[in-house]
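Q: Got a structure for you, written out below as structure tokens; questions coming shortly.
The values are calculated or read from the model by the stated rules, or taken from the named source; none is laboratory data. Just so it is clear, the model here is predicted, and its values are computed rather than measured. Note that we place each Cβ from the backbone using ideal geometry, even for glycine, and neighbour counts take in every protein chain shown.
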Amino acid sequence: MASSSSTTGSRHCCFLLALPLLSSTAHGQLSPTFYAARCSALDRIVRDEVSRALFRDPPPLGGPRMGASLLRLFFHDCFVQGCDASVLLDVDPSKGILSSEKDAGPNANSLRGFEVVDSIKSKVEAACPGVVSCADILALATREAVVAVRDRDPSSPSSCCLLH
């Protein structure tokens, strides 16, 4: 019994020693200006395309509901195994993609916003080829959509957790 107790104690000790190391390596890696030097047009492209989708394109490819659709798309991407843009992948046997999250039961014919992300990606690639990941584009588009819809609704709280 003492052996089990000391093993558990040493595991707790190792965990407590490793915790500061883990937290310090992750601290400060996310930045709203990460792409400022490498793709200065990124924020403008994302903002313009999201604004177009929300306020100029008619439903079903646009409209104010597209903000919620992008947020839901981002949630479903992050929910499975992290925010990796895997929900954007199409089935493509030639590339070894035999199934995709996009076509999975809960997502098939349910998620919207792929066209918005594709439009942003093509414009970003034209301006800054090979710089910005699809996962980051999806995250930025979602942020812009939530902010844009919030700013258009005068009844929403003025202080929000999102960065502009």
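Q: Regarding Val132, is this residue within 19 Å of Cys78 (Cβ to Cβ), modelled with pLDDT of 95 or more and either touching a His at 6+ places or on another chain (Cβ under 6 Å) or not in a helix (DSSP H, G or I) (or both)? So that I can check it myself, show each step before the final result.
A: On the way: within 19 Å of Cys78 (Cβ to Cβ): yes; modelled with pLDDT of 95 or more: yes; either touching a His at 6+ places or on another chain (Cβ under 6 Å) or not in a helix (DSSP H, G or I) (or both): yes.
Judged against the criteria, Val132 is a match.
Q: Say we look at the stretch 72-88 and pick out the residues that are buried (at least 17 other Cβ atoms within 10 Å of the Cβ) and of a type in the set (A, V, I, L, M); which of these is farthest from Asn109 (Cα to Cα)?
A: My answer is Ala85.
Q: Select from the stretch 122-156 the residues that are closer than 20 Å to Arg38 by Cα, buried (at least 19 other Cβ atoms within 10 Å of the Cβ) and more than 13 Å from the chain's Cα centre (by Cα) and list them in ascending order.
A: Across the stretch 122-156, the qualifying residue is only Val124.
Q: Given the options Ser119, Ser100, Ser94, name the one that is of a type in the set (Ser, Thr, Tyr) and exposed (fewer than 12 other Cβ atoms within 10 Å of the Cβ).
A: Ser94
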